[in-house]
Amino acid sequence: MTDRYTQLTKILNDDLGVSPGYQHVSKCVTPGEAIEPPGAVLKWYAVFQDNRPVPDEITQLARSYLMANPLEARGLGFVILHRCGKEFYFLIVSTWRGSNEIWETVFYKDGDARGNFGLFPRERSHKPTFCVWELAAVWYEKQVWERFLNSARDEEAAQVWREDC
C-alpha cells in the first residue's frame, strides 16, 4: 500500500461515518402546495419511503408551525418535510440568499416526545446539511434557480419559478 491510500484506509476502518448495520432504502420526493409565510415564498417537498408517506396531520402541523412562527428565512426558496423512520421528521426551510447560495433553517419533530416542530439544535462547527434523499429536491431547485437567475427576474419569471416543482 502506498502513502496515497493510507488516509483512505484509515477512514474506511475507523471513521467512515456510516454505521455498520445501516441498510440504505429508496425514498420518494413529491412536490406539494407552496406556502407563503411573511417575507417568503416557499415551494413544498415531502420525502418518505414508498410505504410510509407523510401523514396529512403532520403536513398540516408543519405548515401551521411555519405560518405561526416568525422565520429568519426571507425571499424565494423551498421546504423539505422529511419523514425519517416511523415518527421523526425534519422540516428544512431553504431560501436563496447571497445571489446563489442556499441558506437553511432546520426544525424537527420527534414523535410524541415533541408535540410540535421546534428548532433543531446544531451547536457543532461541522453541521449536517442535506441527506442523500433531500438532495433530489435540492438538485432540482438548483436547476430551477439557475433558470431564474438567467431570466429577466421579473414577475413572469418568478411565477415560472414558483410553478416549477
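Brief remarks on what is shown
- Among SER151, SER19, a tally of other beta-carbon atoms within 10 Å of each Cβ gives an order, fewest to most, of SER19, SER151.
- Listed peptides 28-35, 9-16 by packing density, highest first (mean Cβ within 10 Å): 28-35, 9-16
- Overall Cα dimensions of the range 26-163, principal axis frame, Å, largest first: 47, 31, 30
- Alpha-carbon geometry of the range 1-62: the Rg and the Dmax are 20.1, 58 Å, given in that order.
- Its Cα centre serving as origin, the range 26-163 has a Cβ charge dipole (Lys and Arg +1, Asp and Glu -1) of approximately 400 debye.
- Segment THR9-ASP110, extension gain: residue separation times 0.36 nm, minus the distance between their alpha carbons: 32.8 nm
- Reachable lysines, given that their alpha-carbon falls under 22 Å from the alpha-carbon of LYS142 and they are not under 8 places away in the same chain: LYS27, LYS43, LYS127
- Estimated FRET transfer efficiency (GLU87, SER26; beta-carbon r; R0 22 Å; 0.05): 0.65
- Mean separation of Cα contacts under 8 Å (6+ apart) over length of the chain, as relative contact order %: 16 percent
- Simple label model, 7 Å out from Cα along Cβ direction - ALA152 to PHE120, nm: 3.9 nm
- Once the convex hull of all Cα atoms in the range 84-165 is built, its volume per residue stands at 129 Å³.
- Inter-part distance, the range 39-85 to the range 108-165, computed on C-alpha centroids, equals 10 Å.
- Length released on extending from ASP50 to ARG162, taking residue separation times 0.36 nm less the Cα-Cα span: 37.7 nm
- Förster radius 25 Å - calculated FRET efficiency between ARG74 and GLN143 (Cβ-Cβ, nearest 0.05): 0.65
- In the range 77-128, the chymotrypsin sites (Phe, Trp or Tyr not before Pro) that fall in loop regions by DSSP, at most 15 other Cβ within 10 Å: none
Each value in this text was obtained by applying a stated rule to the coordinates, not by laboratory testing. This one's a predicted model, so the numbers in the text were calculated from it and none came from an experiment. Note: ideal-geometry Cβ built from the backbone for every residue, glycine included; neighbour counts use all protein chains shown.
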